[in-house]
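To keep things clear, I will list the structure first and then write my remarks on it.
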Amino acid sequence: MKVDADEPSPGAPGTPKGPAGQQIQERLGELREENEQLQEAVRSHAVVDQAIGVVVVLGRLAPEQGWQVLREVSQRTNIKLREVAESIVEWPRTEKLRDDIRIELERQLTRHAGPPHAGA
């Protein structure tokens, strides 16, 4: 567990001793864990948003359709949404995309594609 320099460590001056001090330390641990979980959720959300952008561009879709495609790929491949999103975001850089994700992505893009635009 990482303790910031300005946070009291167990037994530091100013930290109550006994049961009250223990409760404070337990609560601090809970808050640190919650903070880490929230930070991870924000990172995951950003990756999902980036993947939706890739899907939108690939399929010439509206953002809501991009979200639907991403969700369908996750559900039909039984791969967590975050993992599908990470794979799709990394794909242009690595030029590699898992076959199961690629096949389902192509299937969903075809399914969600609208009629061709005039002059396109």
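The values are calculated or read from the model by the stated rules, or taken from the named source; none is laboratory data. Just so it is clear, the model here is predicted, and its values are computed rather than measured. FYI the Cβ positions are ideal-geometry reconstructions off the backbone, even for glycines, and counts take in every protein chain you see. All accessible areas refer to the heavy atoms of the entire protein, side chains included, with ligands and DNA or RNA removed. Shrake-Rupley method; radii C 1.70, N 1.55, O 1.52, S 1.80 Å.
Residues in segment 41-50: is at least one part of a helix (DSSP H, G or I) and among the charged types (D, E, K, R)? Within segment 41-50, one or more residues are part of a helix (DSSP H, G or I) and among the charged types (D, E, K, R).
In segment 32-45, the residues that are among the hydroxyl-bearing types (Ser, Thr, Tyr) reach residues that are modelled with pLDDT of 75 or more and surrounded by 11 or more Cβ atoms within 10 Å (Cβ to Cβ) with C-beta atoms within less than 7 angstrom, at least six apart or across chains, in these pairs: Ser44/Arg82. Among all residues of segment 56-64, there is at least one that is assigned to a helix (DSSP H, G or I), open to solvent by less than 80 Å² (accessible area, probe 1.4 Å), in contact with a helix residue (DSSP H, G or I) (Cβ under 9 Å, 6 or more places away or on another chain) and not polar (S, T, N, Q).
Right, Glu72: modelled with pLDDT of 90 or more, within 20 Å of the chain's Cα centre (by Cα) and open to solvent by less than 60 Å² (accessible area, probe 1.4 Å) or not? Yes; evaluated as a whole, the condition is true for this residue.
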